[in-house]
Amino acid sequence: MKNDVNGFDLQGYLSDGIERVVKEALRATLKDPKESAFMLRFAAATRAASKKRKKLEEAGEHIPSFLIASITSECNLHCAGCYSRCNHATVDAVPVCQLTGEEWQRLFTEADELGVSFILLAGGEPMLRRDVIEAAAKTPDILFPIFTNGTYMDEQYFELFDKKRNLLPVMSIEGEKEITDKRRGEGIYDKLIANMDELKRRGLIFGASVTVTKENIREVSSDSFLQKLADRGCKAVIFVEYVPVTQESKELAPGDEERDYLTGEITRLREERPEMVYISFPGDEKSSGGCVAAGRGFFHINSHGGAEPCPFSPYSDVNVRSTSLREAMRSPLFTALRDGGILTDDHEGGCVLYEKRELVEALLAKSHQ
C-alpha cells in the first residue's frame, strides 16, 4: 500500500518493524527455554497475521498491526502531568458504562481474525480490570503488553503471567528513585523494583515504559540506568515521548534535538545492548511517513468503547459497542484524518494531532452533521 506521494510503503514498514521486534525479543530470551518456546510460536503467529493484513490490503482494506485499548478509566495514582487526567479520561472512582469483559473478549477475537498482532492494554490502571486481562489471555496469537503502574501486582497476577505468556507486564518508571517518586508518588520506585525482582525470580518476561521528557532523557537512556533494568531481567524498554496537554507543560516535551538524540541512542542500544528490545513511541515519524494514528498504524479504543485516533487525541465519532472494529476504522473522522494530509503535516515536535486539535475538533463536528 502506497500511502504518500513519495511512494512510502507504510504496511511494509510496520510489518517489517513487528518482525524485527519479535526477532529481537527472541534473541533477548534465548537463556529462558520456556519464554523462547513462546516467542518462537508468537513469531509464527505474527507472520500469519502479516499475511492476513496483506491479503486484506490487496483487496483495498488497510488493517493496522496494533491497537491501544484503555480498558478502564480508573486509576489510583495522580502522576504529575498525566495527559489522561488532564483530558478527564482517567478518574478516581469506578466509571459507569465501561465495556464489559465479554465485550472486550469479542473485540480481541475480531482483532485476531483481522491480523492484529499487538494490543497494548492501558488505562487508567489496567490491572484493576482483572476480568479483561483474563479475557486477553484467551487470545494467544496476540501479544498484550500491559502498561501498568505496578501497584496492583500480586500473587494471582504472577501466576497468570506464568501460565499465559502472551501477557507482558510493562511497568512505568521515570528513571532512578528520585525522579520516579517525584512524578508518580513516594514509594512507587521501590514497589516497581520489588515487582521486577519477583518476576525475574519466577523467570517471567517483562518490560519497562519510560515517559521521556527534556528533564530525564539523558538519565533514562544512560547505560547505568538500563543496566539496572537488564540486571533485574527486563527484556523491553518502551520510550514514550511526553506529549503536553497544557501550555504550562509544553516545555517538558522533547523537541527535534532531543528526538534526534533519542533516535541515535536507540540505534546504538540495539547494536551494543541486544539483551533488551528498545521501542520508541511515536518514534521517528519521518521514517513512517508521518503520524500513524487514526488507523494508519493503530488507533485507540477508550474504556467506554469510543474509537479514537490516539490516546493523546481523545475524539470519537463511532463506538465499537455498536459496530465492528472494521467499521470503526472506516469512521468519517478517521477517514478525514488519513485522507486530508493532517497526519503527515509538519509540526513542532511531539504530537501533530495535539498541535492541530482545533482542526481535529472541526472534523469531528463535521462527521456528526
**Request:** Scan region 90-110 and give yes if some residue there is part of a loop (DSSP other than H, G, I, E, B), in contact (Cβ under 8 Å) with a residue 60 or more places away in the chain and small (Gly, Ala, Ser), otherwise no.
**Result:** no
**Message:** Out of the residues in region 30-60 meeting the condition of being open to solvent by 60 Å² or more (accessible area, probe 1.4 Å) and under 16 Å from residue 139 (Cβ atoms), tell me which one is modelled with the lowest pLDDT.
**Reply:** 41
**Message:** Looking at region 123-139 only, could you name the residues that are touching a residue at least 40 places away in the same chain (Cβ under 8 Å) and either open to solvent by 20 Å² or more (accessible area, probe 1.4 Å) or closer than 16 Å to residue 209 by Cα (or both)?
**Reply:** 123, 124, 125, 126, 128, 129
**Prompt:** In region 161-183, which residue that is closer than 29 Å to residue 108 by Cβ and in contact with a Ser or Thr (Cβ under 8 Å, 6 or more places away or on another chain) is modelled with the lowest pLDDT?
**Reply:** 166
**Item:** Residue, modelled with the highest pLDDT, within region 346-363, restricted to residues that are open to solvent by 60 Å² or more (accessible area, probe 1.4 Å) and part of a loop (DSSP other than H, G, I, E, B)
**Value:** 346
**Fill in**
The residue that is nearest to residue 67 (Cα to Cα), considering only those in region 140-162 that are assigned to a helix (DSSP H, G or I) and in contact (Cβ under 8 Å) with a residue 12 or more places away in the chain, is 161
**Asked** If you go through region 232-248 one residue at a time, do you hit one that is out of contact with any helix residue (DSSP H, G or I) (no Cβ under 8 Å at 6 or more places or on another chain), open to solvent by less than 60 Å² (accessible area, probe 1.4 Å) and not small (Gly, Ala, Ser)?
**Response** yes
**Request:** Scan 283, 341, 306, 289 and give me the residue that is small (Gly, Ala, Ser), modelled with pLDDT under 90 and within 22 Å of residue 362 (Cα to Cα).
**Result:** 341
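Each row is one residue, and each column tells you yes or no for (1) more than 17 Å from the chain's Cα centre (by Cα); (2) within 19 Å of residue 109 (Cβ to Cβ).
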residue: 304; (1), (2): yes, no
residue: 307; (1), (2): no, yes
residue: 321; (1), (2): yes, yes
residue: 338; (1), (2): yes, no
residue: 341; (1), (2): yes, no
residue: 355; (1), (2): yes, no
residue: 367; (1), (2): yes, no
**Positions within region 290-345 being part of a loop (DSSP other than H, G, I, E, B), of a type in the set (A, V, I, L, M) and crowded, with 23+ Cβ neighbours inside 10 Å, in sequence order** = 292, 293, 294, 320
**Request:** Please enumerate the residues belonging to region 193-229 that are at pLDDT 95 or above, under 21 Å from residue 143 (Cβ atoms) and of a type in the set (A, V, I, L, M).
**Result:** 196, 199, 208, 210, 229
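The values are calculated or read from the model by the stated rules, or taken from the named source; none is laboratory data. Everything numeric here is computed off the predicted structure, so don't read it as measured data. Note: ideal-geometry Cβ built from the backbone for every residue, glycine included; neighbour counts use all protein chains shown. These area figures cover heavy atoms from the full protein model, side chains too; ligands, DNA and RNA do not enter into them. Shrake-Rupley method; radii C 1.70, N 1.55, O 1.52, S 1.80 Å.
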